[in-house]
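The values are calculated or read from the model by the stated rules, or taken from the named source; none is laboratory data. All values derive from a computational prediction rather than experimental measurement. Virtual Cβ from ideal backbone geometry, glycine too; neighbours counted across all protein chains shown. SASA here: full protein model, heavy atoms, side chains in, ligands and nucleic acids out. Shrake-Rupley method; radii C 1.70, N 1.55, O 1.52, S 1.80 Å.
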Amino acid sequence: MKPSSKIVLRIDEKPKFHQWILLSIQHLFAMFGATVLVPALTGMSPAVALVSSGLGTLAFILITRGKVPSYLGSSFAFINPLIAIKAFEGYAGIMVGSFLVGIVYALVALVISKTGTKWLMKLLPPIVVGPVIMVIGLGLSSVAVSMVTNHDGGYDIDYVLVGLVTLVITIVFAIFTKGFLSVVPVLMGIIGGYIFALIMGIVDFQRVIEASWFEVPPFEIPFVHFTPHFTWRVFLLMVPVAIVPIAEHIGHQLVLSKVVEKDLLEDPGLHKSLFGDAVASMIAACIGGPPNTTYGENIGVLAITKAFSIYLFIGAAFFAILFGFCGKVSALLSTIPTPVMGGVSILLFGIIASSGLRMLVENKIDFSQKRNLIIASVILVIGIGGAAIHIGSHFSLEGMALASIIGVVLNQILPGKQVVDFKDMFSGD
């Protein structure tokens, strides 16, 4: 691709010191809201998630040889599985599940390096991936509403007000602002909702006052804090869902290639970037963080600033790690009221569902064809309805995982299958 004269910083270009600091912090803000929201919703540590995202990003940069300007943060696709696993298996199950996801990414990356991407395109067409993404968002909708309306098991009007104000602020920044502010509506919604919650008197600063400036996050280390053990429940809850972030990753690389004016699927290659995702998720699993994925928010920042330097992501990663070890920051994050997180979640989970619908629309999926109608309908009802298959006391396949597998199988066995190139799937981004 012909380089554009508008590029402020090339991928390999080292910025001036003030640029490095300011633009790195900008990328930190872009990922911050979503990265801490996932652990907050799943009962994990936001501080650990920050550290794991920073370490994962550094590993990703190393594996891709500094050629892919991306930030890796907590993946929304695994929120429901993580909540379910924590209830049944505790932290040990979550970490094993996250590590298994990393293994899946790595195996797919290995196969891609040997065989190319056509087999993956056949396995994950829009008619399968779109409804599965919708299931992720819609399946979490009740969680978001409950966070806004319930307090100590009952309806709380103050919580509702805080949640609605947070939602309105997030929407205002998403729609009515330009430039960088339009890229970080989640962060601005959390800040605005937090301030309103302070006014309403539902924020307790005692933990912040008592916290020290330097504090080691509550890491969960295998064979130190828990003994890893494999269970089919964990495997079936986590592994099938991996098809969504894999498809998301490919889409991000295609969009990023357009932004930086370089074909990143060829150099360093899709297998390298996906393996970077794999290692990042494995690192997270080894310290107590959720699985990681590349962030579209930071791609948005790149498109706005035209500053593509990989050094900015290295800086953002170090800032994230630093914040993770700051006890005051960790304590402050823990004081964010539930309805504030619920307010932004209403929009976020809805956007996730809508992005699945968008994929179907942009790829002109014809629902007058019974084949497409059947696949989408079965995925949606099984995924949102919480259908489950139990065999014995230890083997179960349920919800989104079951819906994903059934969608893939239906797509393979029903007549009239069409192959869609991934470049067509994400051409509208």
> Within the range 98-144, which residues are open to solvent by less than 30 Å² (accessible area, probe 1.4 Å) and assigned to a loop (DSSP other than H, G, I, E, B)?
Replying inline: Gly116, Leu124, Pro125, Leu140
>> If I ask for residues that are open to solvent by less than 30 Å² (accessible area, probe 1.4 Å) and either under 22 Å from the mean Cα position of the chain (by Cα) or under 29 Å from Ile171 (Cα atoms) (or both), which ones from the range 377-398 would you list?
In response: Ile379, Gly383
> Do you know which residues across the range 296-326 are open to solvent by 10 Å² or more (accessible area, probe 1.4 Å) and within 23 Å of Thr42 (Cα to Cα)?
Replying inline: Gly296, Glu297, Ile321, Leu322, Phe323, Phe325, Cys326
> Of these, Ala401, Ala331, Ala353, which one is in contact with a Lys or Arg (Cβ under 7 Å, 6 or more places away or on another chain) and open to solvent by less than 20 Å² (accessible area, probe 1.4 Å)?
Replying inline: Ala331
>> Test of understanding: among Ser45, Ser70, Ser75, Ser53, which residue is over 26 Å from Val132 (Cα atoms), among the small types (Gly, Ala, Ser) and either touching a Ser or Thr at 6+ places or on another chain (Cβ under 9 Å) or at pLDDT 95 or above (or both)?
In response: Ser45
>> Go through the range 102-149 and report how many residues are modelled with pLDDT of 85 or more, farther than 30 Å from Phe367 by Cβ and not aromatic (Phe, Trp, Tyr).
In response: 16
> Pick from the range 145-168 the residues that are of a type in the set (S, T, N, Q) and in a helix (DSSP H, G or I): which of them is nearest to Pro240 (Cα to Cα)?
Replying inline: Ser146
> For the range 323-376, which residues satisfy the criterion of being over 22 Å from the mean Cα position of the chain (by Cα) and closer than 18 Å to Val148 by Cα?
Replying inline: Thr335
>> If a residue must be under 25 Å from the mean Cα position of the chain (by Cα) and of a type in the set (Asp, Glu), how many such residues does the range 150-170 contain?
In response: 0
> On the given criteria, is Val186 open to solvent by 10 Å² or more (accessible area, probe 1.4 Å) and within 22 Å of Leu332 (Cβ to Cβ)?
Replying inline: yes
> Pick from the range 78-93 the residues that are touching a Pro at 6+ places or on another chain (Cβ under 7 Å) and surrounded by 23 or more Cβ atoms within 10 Å (Cβ to Cβ): which of them is nearest to Ile133 (Cα to Cα)?
Replying inline: Phe78
> Mind checking which residues of the range 193-232 are open to solvent by 30 Å² or more (accessible area, probe 1.4 Å), touching an Asp or Glu at 6+ places or on another chain (Cβ under 7 Å) and outside any loop (DSSP other than H, G, I, E, B)?
Replying inline: Met200
>> Suppose we keep only residues that are among the β-branched types (Val, Ile, Thr) and in a helix (DSSP H, G or I) within the range 37-80. Which one would you say is farthest from Ala278 (Cα to Cα)?
In response: Thr42
